[in-house]
Amino acid sequence: MIHFHQVNKHYGNFHVLKDINLHIKQGEVVVVIGPSGSGKSTLVRCINRLETITDGELIVNHVKVNDKSTDINALRRDIGMVFQHFNLYPHKTVLQNITLAPIKVMGVSEKEAEETARYYLEKVGIPDKANAYPAQLSGGQQQRVAIARGLAMKPKIMLFDEPTSALDPETIGEVLDVMKKLAREGMTMVVVTHEMGFAREVADRVVFMDQGQIVEEAAPAEFFANPREERARLFLSRIL
Ligand code: ADP
Ligand code: MG
């Protein structure tokens, strides 16, 4: 579903991604961890071309992401993204936030978009919040709306960039639970997170990045019990 072959990226003179090789199959859940500034967000943002790569090859859902002929909107329709800050429209209701893109981008009827939105609100556990405004919700609830909004586009891939980092501790669990459910249902997911419990429990693979490189890649049980690389050991000793 996602293939990085020898991908490099520079920001000006700064070499932010170095020889990235990463292959993610349909239905896999890959958790990306690493120190701040190691390139995790950049890596994830390349997948839906929020960032462009400098060289190498990146193929997502059989499409060469950086080809001139690639229909970037079609590519992005298949990729949902959830950020640290939920970026909901404050003056629209929860339902309107979720139905906007399906109606405008996919040409779905209002009625169908609303049915879909209610289905996903149920799925993320807040069916009663359809008519609320974002400011009336907790951070965890807002993030669940953001996830429902992503799912309403029926994506093949969901990208998460520190989805719980801005949340109060007591609402982190409810967002992780929704993500766990998604993972169990077979969604292909790339998740940048500091939630090691989530990584241990849900990830098929953990990818550890440092200074723009993938330093280590392993099954979580193996990675957490016995990291092979010194830099990974050091990182884990700091956060666990
Ligand atoms: P992470 O998500 O692991 O914290 P990022 O991918 O956000 O790392 O950033 C990796 C490095 O690239 C950091 O040193 C950051 O300062 C730098 N960087 C990120 N975005 C830009 C940008 N638009 N222009 C220049 N440098 C950037
Ligand atoms: Mg980041």
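Give me, ordered by chain and number, the residues 5 or more places off Thr188 or on other chains with an amide H under 5 Å from its own placed amide H.
Correct list: Gly27, Met158.
Starting from 0.36 nm per residue, how many nanometres of slack lie between Asp204 and Ala132 once their C-alpha separation is accounted for? Write down the numbers at each step before the final one.
Details: separation 72, 0.36 × 72 = 25.92 nm, distance 3.59 nm.
Going from the current span to full extension adds 22.3 nm.
Might you work out the accessible area of His194 for me, using a 1.4 Å probe with all protein chains in place, and round it to the nearest 10 Å²?
The accessible area of His194 comes to roughly 90 Å².
Any chance you could check the Cα centroid distance between segment 92-170 and segment 1-44 for me, in angstrom?
27 Å
Amide H to amide H under 5 Å from Glu216: which residues, 5+ apart in sequence or cross-chain, H placed 1.01 Å off N in plane?
Phe208
Using 1/(1 + (r/R0)^6) with R0 = 35 angstrom and r between the beta carbons of Glu115 and Tyr11, what's the FRET efficiency to the nearest 0.05?
Numbers: r = 43 Å, r/R0 = 1.22.
Taking R0 as 35 Å, the efficiency between Glu115 and Tyr11 is 0.25.
Classify the chain from the C-alpha gyration tensor, please: rounded if a/c falls under 1.5, else prolate or oblate depending on whether a/b exceeds b/c.
On the way: a/c = 2.01, a/b = 1.36, b/c = 1.48.
Because a/c hits 1.5 or more and a/b fails to exceed b/c, the chain counts as oblate.
Hey, can you find the accessible area per residue of segment 112-185 for me, probe 1.4 Å, expressed in square angstrom? List each step's numbers first, then the result.
Details: 3170 Å² over 74 residues.
In whole numbers, segment 112-185 has 43 Å² accessible per residue.
For the chain, which whole percent of the accessible surface, found with a 1.4 angstrom probe, sits on carbon and sulfur atoms?
Here carbon and sulfur together make up 46 percent of the probe-accessible area.
Give me a comma-separated list of calculated 3J(HN,Hα) values for segment 153-161, in order, Karplus coefficients 6.51, -1.76, 1.60 applied at θ = phi - 60°, integers in Hz, x for any Gly or Pro.
Listing the rounded values in order: 8, 6, x, 8, 9, 10, 9, 10, 10 Hz.
Could you pull out the GluC sites (Glu not before Pro) across segment 144-240 that fall in loop regions by DSSP (anything but H, G, I, E, B) with no more than 14 other Cβ atoms inside 10 Å?
Glu185, Glu229
In straight Cα distance, which aspartates and glutamates are under 18 Å from Lys64, not counting same-chain residues fewer than 8 positions off?
Partners within reach: Asp19, Glu51, Asp55, Asp78.
The values are calculated or read from the model by the stated rules, or taken from the named source; none is laboratory data. As the structure is a prediction and not an experimental result, all values here were calculated from the model. Ideal geometry is used to build each Cβ from the backbone, glycine not excepted, and the neighbour counts take in all protein chains shown. Ligands, DNA and RNA are excluded from the accessible area calculation, which covers all protein heavy atoms including side chains. Shrake-Rupley method; radii C 1.70, N 1.55, O 1.52, S 1.80 Å.
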